[in-house]
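One structure is given here, and the rest of the page talks about it.
The values are calculated or read from the model by the stated rules, or taken from the named source; none is laboratory data. Everything numeric in this text was worked out from a predicted model, so none of it was measured. All Cβ positions, glycine included, derive from the backbone under ideal geometry; neighbour counts span all protein chains shown.
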Amino acid sequence: MGKKKKQAKTTKSGKKAGPAHTMVAENRKARHRYEILDQVECGMMLIGSEVKSMREGKLSLDEAYIRTKDDELWLIGADIGHYNNAGMWNHDPRRPRKLLVHAREFGKFAGKAHEGGLTLIPLRVYFNDRGLAKCVMGLAKGKKLHDKRQTLKKRDTERGLQQAMRRK
């Protein structure tokens, strides 16, 4: 007798339930440094050792940003650590990586970033349910020091209110 296969749980609409994606890295400092105006999901062109390294969670987006060059988007400054089992076929950890977006989205985001003095930054990277690496790119405006202080003050006030509500 063969092994029985487990049926995946499905929702009422017939789609598979479960985790939609596996998070690899998130740019947590971006929300503090920038005001995020809009965001879009884009694909990433990677080589094999980069994918395997990302599955181990070896990705840092702390100093990463996105630039346009020849009508293409490039992720610059993202650090994907070496994959231990790749040997001599390993990748350069800080090489620029091409991002894939539809032409309509490219025009919208690149145009706003170029004209308005805005910045394109990676917000998070994950693997979707099909196992493809995706990057959520944000159109951001840099915060001034007083804006950062105001955000921190607002967050502290909200935290204090939540604690007071829990005590009652």
Self-check item: Test: ARG67 is outside any helix (DSSP H, G or I), free of Cβ contacts under 8 Å to residues at least 40 places away in the same chain and either more than 12 Å from the chain's Cα centre (by Cα) or over 20 Å from HIS91 (Cβ atoms) (or both)
Solution: no
Quiz item: Tally time: how many residues in segment 109-130 are modelled with pLDDT of 85 or more and either out of contact with any strand residue (DSSP E or B) (no Cβ under 7 Å at 6 or more places or on another chain) or acidic (Asp, Glu) (or both)?
Solution: 2
Quiz prompt | Scope segment 83-133; condition part of a strand (DSSP E or B), of a type in the set (D, E, K, R) and surrounded by fewer than 16 Cβ atoms within 10 Å (Cβ to Cβ); matching residues | solution = LYS98
Quiz item: Are any residues in segment 53-82 buried (at least 21 other Cβ atoms within 10 Å of the Cβ) and either farther than 30 Å from GLY107 by Cβ or at pLDDT below 85 (or both), and if so, which ones?
Solution: SER53
Quiz item: Are there any pairs with C-beta distances below 8 angstrom linking a residue in segment 155-166 that is under 21 Å from HIS32 (Cα atoms) and modelled with pLDDT of 90 or more to a residue that is hydroxyl-bearing (Ser, Thr, Tyr) and surrounded by 10 or more Cβ atoms within 10 Å (Cβ to Cβ), with the two at least 6 apart or on different chains, and if so which?
Solution: none
